[in-house]
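Note sheet for the following structure.
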Amino acid sequence: MVSEKFLQSFVRGVIDGDGWVGHEGYQVNVTTGSLAFAEGLLAVFLLELKI
């Protein structure tokens, strides 16, 4: 679990290291071998975007 204080930096590091952001629109891709990690990261995006 990453504390709220470091969450933004953690997500940025994940995308910088294992993902990419599309040039058009809101498209983000992250590659991981862990379903639990992918689901946790998705939950962070959904909570932050309030979807």
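The values are calculated or read from the model by the stated rules, or taken from the named source; none is laboratory data. All figures in this text were calculated on a predicted structure; none of them were measured in a lab. Positions of Cβ are backbone-derived with ideal geometry, glycine not excepted, and every protein chain shown enters the neighbour counts. Surface areas here come from the heavy atoms of the whole protein model, side chains and all, with no ligands, DNA or RNA. Shrake-Rupley method; radii C 1.70, N 1.55, O 1.52, S 1.80 Å.
Things worth noting here:
- Residue within segment 4-13 that is at pLDDT 85 or above, in a loop (DSSP other than H, G, I, E, B) and either open to solvent by less than 100 Å² (accessible area, probe 1.4 Å) or of a type in the set (Gly, Ala, Ser) (or both) present: no
- When segment 1-27 is filtered for residues that are under 17 Å from LEU42 (Cβ atoms) and of a type in the set (S, T, N, Q), the ones remaining, listed by number, are GLN8, GLN27.
- Members of segment 21-32 found to be more than 10 Å from the chain's Cα centre (by Cα), at pLDDT below 90 and open to solvent by 40 Å² or more (accessible area, probe 1.4 Å), listed by number: VAL21, HIS23, GLU24, GLY25, TYR26, GLN27
- Count of residues meeting criterion [open to solvent by 60 Å² or more (accessible area, probe 1.4 Å) and part of a loop (DSSP other than H, G, I, E, B)] in segment 33-47: 1
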